[in-house]
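S.K.: Submitted below is the structure of interest, expressed as structure tokens.
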Amino acid sequence: MAKAKVVLAYSGGLDTSCCIQWLKETHDLDVITLVCDLGQEAEDLDVIKAKALKIGAIESLVADVREEFVNEFLSKAIAANAMYENKYPLLSALSRPVIAKKLVQVAHQYGAEYVAHGCTGKGNDQVRFEVGVHALDPDIKVLAPVREWELHTRPEEIAFAESHGIPVDATRKSPYSIDDNLWGRAIECGVLEDAWQEPPADVYKMTNGIGETPSEPQYVTISFENGLPSAIEGKPMSFLSIIEELNLIAGTHGVGRIDIIENRLVGLKSREIYEVPAATVLIEAHKAIEDMCLDAALLHQKLEMEHKWAELVYNGLWYSQLKEALDAFNAVSQKGLSGQIKMRFHAGSCVVVGRKSTNALYSQSLATYGDGDTFDRDSAKGFIDLWGLSTKTWAQIHKDEVTKKVDAPDTSPVTKTTHVTVMDTAAKASDDDTKEYACAL
Ligand code: ARG
């Protein structure tokens, strides 16, 4: 009788290489490996493919999902200005639902009952794979060898590999756990687990340290069309090429390093180092175009929902109805969001220094304090009267309470002293003309 099949998300590393053997041995399955190319730095994909077959996979597949990752996933992340806990642009969280989708597709193609991943039992990625897979096929069975097997230490794993002829030397040995793709690199473990320890220089691969960055600033103009980046320096490029180009430019200037403590879904805090050059630049530039073009009420509503979007994606709910509903809201907000953002890169920083859009709601003639002002100051008084009417009415009705707030004697036994800085109006105004006065409250 033919054996049941499993599709394993494969990286070519030691863990997933051992998974091939373990799935055959422990579950008596035929193993089909699947490597998803998301733009990660990897050995030659043909070499990885051959390695899986050598270890005993019946089929070894490589899927180039870069375009899909960019156009279906990162495009929505840009629309959501996606930053988990306002700091992490979700590079790993965004890649798992793409891989989950491919695993299910291949399982259906090959009639496999199972899919498998090489995540540990301690991280978020296991959640993202399994919730993602079951959102796309609730009947498929998921196996997580690394969570189940008895190989608790690296030497145990190496011994298992060696006893089964799994090539250990060819697997990349790194003191860190690394996950990377077009959207950046995540680095964990090793010395980084000591939250007091500054990351050693060797954790970084995509970004220069400040000492290695160019001494001169570089200006780069990024164009957007309907909320998506469309050109660099006026040269039309695909979203994928823009990400690749900005990873190089921003990386050269040391932009996009993040060192944080992050709250994992599984309840623990972890220390994470990220390198996200293009993601940092594109989210900043995208926010700047939104600032120019989005109506205030829409912008404020969107800001509240962005936090929720990032949390859902971090927590493995890419394929949830709520997340899809938020995407629909974001899609409406991105219509007509077109224009140019000028950014200056220098010594680890990238700042927006100019913006323009034919759809801008920012109007210089309304904003100016100089010539050509078209703002109608006369309507300000009436506006303020009505805007403040309810608070004023409340104050009239509750006069005693209001009076107490302002005129009650200070009963505190200690006189507090504070410092206020005031301009010396007698002297000519200059930065040196400020004086400090102590005053009792
Ligand atoms: N903490 C990040 C996240 O949960 C990154 C995980 C990266 N995974 C890894 N194997 N290094 O999204």
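S.K.: Given R₀ = 41 Å, what would the calculated FRET efficiency be for Gln301 paired with Lys235, taking r from the Cβ atoms and rounding to 0.05? Walk me through the numbers before you get to the answer.
M.R.: Details: r = 35 Å, r/R0 = 0.84.
Taking R0 as 41 Å, the efficiency between Gln301 and Lys235 is 0.75.
S.K.: Next up: Any lysines with Cα under 27 Å of the Lys342 Cα? List them, leaving off those in the same chain fewer than 8 positions away.
M.R.: Qualifying lysines at Cα under 27 Å: Lys76, Lys87, Lys205, Lys235, Lys287, Lys302, Lys356.
S.K.: Then there is this: For Gly12, list long-range residues whose amide hydrogen, built 1.01 Å from N in the peptide plane, is under 5 Å from its own amide hydrogen.
M.R.: Here Ser17 satisfy the definition.
S.K.: Under 10 Å, Cα contacts only: if you run a Gaussian network model on the chain, which one of Asp410, Asp202, Asp378 comes out with the highest mean-square fluctuation?
M.R.: Asp410
S.K.: Give, rounded to the nearest 20 debye, the magnitude of the charge dipole that the stretch 254-380 has about its Cα centre when Lys and Arg contribute +1 at Cβ and Asp and Glu contribute -1 at Cβ.
M.R.: Values: 14 positive and 17 negative charges, 84 e Å.
Rounded to the nearest 20 debye, it is 400 debye.
S.K.: Identify which of Glu284, Glu150, Glu188 has the largest mean-square fluctuation in a Gaussian network model of the chain, with springs joining Cα atoms closer than 10 Å.
M.R.: Glu150
S.K.: Report the Cα centroid-to-centroid distance between the stretch 168-220 and the stretch 9-65 in angstrom, as an integer.
M.R.: A separation of 25 Å, based on Cα centres.
S.K.: What are the residues whose amide H is under 5 Å from the amide H of Leu90, where those residues sit 5 or more places off or on another chain and H is modelled from the backbone?
M.R.: Tyr84
S.K.: Could you let me know the centre-to-centre spacing of the stretch 74-125 and the stretch 334-401, using Cα atoms, in angstrom?
M.R.: Answer, in whole Å: 40.
S.K.: Mind putting together the pair-distance distribution for the stretch 2-154? All Cα pairs, 10 Å bins, whole percent per bin, short to long.
M.R.: Going from the shortest bin to the longest, the percentages are 11, 40, 36, 11, 1, 0.
S.K.: Now for a different question. Of Pro155, Pro97, Pro277, which has the largest mean-square fluctuation in a 10 Å C-alpha GNM of the chain?
M.R.: Greatest mean-square fluctuation among the candidates belongs to Pro155.
S.K.: Taking Cα pairs under 8 Å and at least six residues apart, what relative contact order does the stretch 232-324 come out at, in percent? Intermediate values should be presented prior to the final figure.
M.R.: Numbers: 67 pairs, mean separation 18.9, N = 93.
In percent, rounded to a whole number, it is 20.
S.K.: Find the relative contact order for the stretch 77-158 and round it to a whole percent, using C-alpha pairs within less than 8 Å whose residues are 6+ positions apart.
M.R.: Values: 72 pairs, mean separation 23.4, N = 82.
Computed value for the stretch 77-158: 29 percent relative contact order.
S.K.: Ranked from highest to lowest mean number of other Cβ atoms within 10 Å per residue, what is the order of the peptides 126-135, 297-306? Please list the in-between numbers first.
M.R.: Numbers: 126-135: 21.1, 297-306: 13.7.
Highest mean packing first, the order is 126-135, 297-306.
S.K.: For Lys51, give me every one of the lysines with a C-alpha distance below 17 angstrom, ignoring sequence neighbours fewer than eight places off in its own chain.
M.R.: Straight-line reach from Lys51, under 17 Å: Lys24, Lys173.
S.K.: How are the Cα pair distances of the chain distributed, in percent, across 20 Å bins from 0?
M.R.: The percentages, shortest bin first, are 20, 44, 25, 10, 1.
S.K.: On a 0 to 90 degree scale, rounded to 10, what angle separates helix 125-136 from the longest Cα axis of the chain?
M.R.: Taking the Cα atoms of the chain, the angle to 125-136 is about 80 degrees.
S.K.: Put +1 on the Cβ of every Lys and Arg and -1 on every Asp and Glu Cβ in the chain; which of Gly56, Ile341, His300 then has its Cα farthest towards the positive end of the dipole?
M.R.: Result: His300, furthest along the dipole toward the positive end.
S.K.: Using a 1.4 Å probe, what is the accessible area per residue for the chain, in Å²? Walk me through the intermediate numbers first.
M.R.: Values: 23460 Å² over 441 residues.
For the chain, the per-residue accessible area is 53 Å².
S.K.: Now, a different point. What is the percent carbon and sulfur in the accessible area of the chain, measuring with a 1.4 Å probe over the protein chains and ignoring ligands? List each step's numbers first, then the result.
M.R.: On the way: 12540 of 23460 Å².
After summing per-atom areas, the C and S share lands at 53 percent.
S.K.: Now, a different point. Given Cβ point charges of +1 (Lys, Arg) and -1 (Asp, Glu) and nothing else, what value in debye, to the nearest 20, does the dipole of the chain about its Cα centre take?
M.R.: On the way: 44 positive and 66 negative charges, 135 e Å.
Computed charge dipole of the chain: roughly 640 debye.
S.K.: Let me ask something else. Order the peptides 229-238, 54-63 from the highest to the lowest mean number of other Cβ atoms within 10 Å of their residues.
M.R.: Numbers: 229-238: 14.8, 54-63: 18.5.
Highest-to-lowest ranking by the protection proxy: 54-63, 229-238.
S.K.: Along the charge dipole of the stretch 34-165, pointing to its positive end and built from +1/-1 on Cβ of Lys, Arg, Asp and Glu, which listed residue (Cys119, Tyr88, Val104) has its Cα farthest out?
M.R.: Tyr88
S.K.: Identify all lysines with a Cα-Cα distance to Lys405 below 20 Å; exclude those on the same chain that are fewer than 8 residues away in sequence.
M.R.: Lys392, Lys416
S.K.: Using each residue's phi in the stretch 376-391, evaluate 6.51 cos²θ - 1.76 cosθ + 1.60 at θ = phi - 60° and report the 3J(HN,Hα) Karplus result to the nearest Hz, with x for Gly and Pro.
M.R.: The phi angles translate into 8, 5, 5, 7, 4, 4, x, 4, 5, 4, 6, 4, x, 4, 6, 5 Hz.
S.K.: With a bin width of 5 angstrom, please list the P(r) values of the stretch 275-330 as percents of all Cα-Cα pairs, from the 0 bin to the one holding the largest distance.
M.R.: Per 5 Å bin, starting at 0, the Cα pair percentages come out as 4, 17, 22, 23, 21, 12, 1.
S.K.: Farthest toward the dipole's positive end in the chain, which of Leu151, Leu34, Tyr319, given Cβ charges of +1 (Lys, Arg) and -1 (Asp, Glu) about the Cα centre?
M.R.: Tyr319
S.K.: Just to be sure I understand the model, the point goes 7 Å from the Cα along the line to the Cβ. What's the resulting Gln197 to Asp44 distance in nm?
M.R.: Distance between the two pseudo-spin positions: 3.5 nm.
S.K.: Now a separate question. Give me the percent relative contact order of the chain, please, defined on Cα pairs under 8 angstrom at least 6 residues apart.
M.R.: Details: 732 pairs, mean separation 67.0, N = 441.
Computed value for the chain: 15 percent relative contact order.
The values are calculated or read from the model by the stated rules, or taken from the named source; none is laboratory data. Not measured: the values here are computed from a predicted model. Glycine also receives a Cβ, built like all others from the backbone with ideal geometry; neighbour counts cover every protein chain displayed. To get the accessible areas, we keep the full protein, side chains included, count just its heavy atoms, and leave off ligands, DNA and RNA. Shrake-Rupley method; radii C 1.70, N 1.55, O 1.52, S 1.80 Å.
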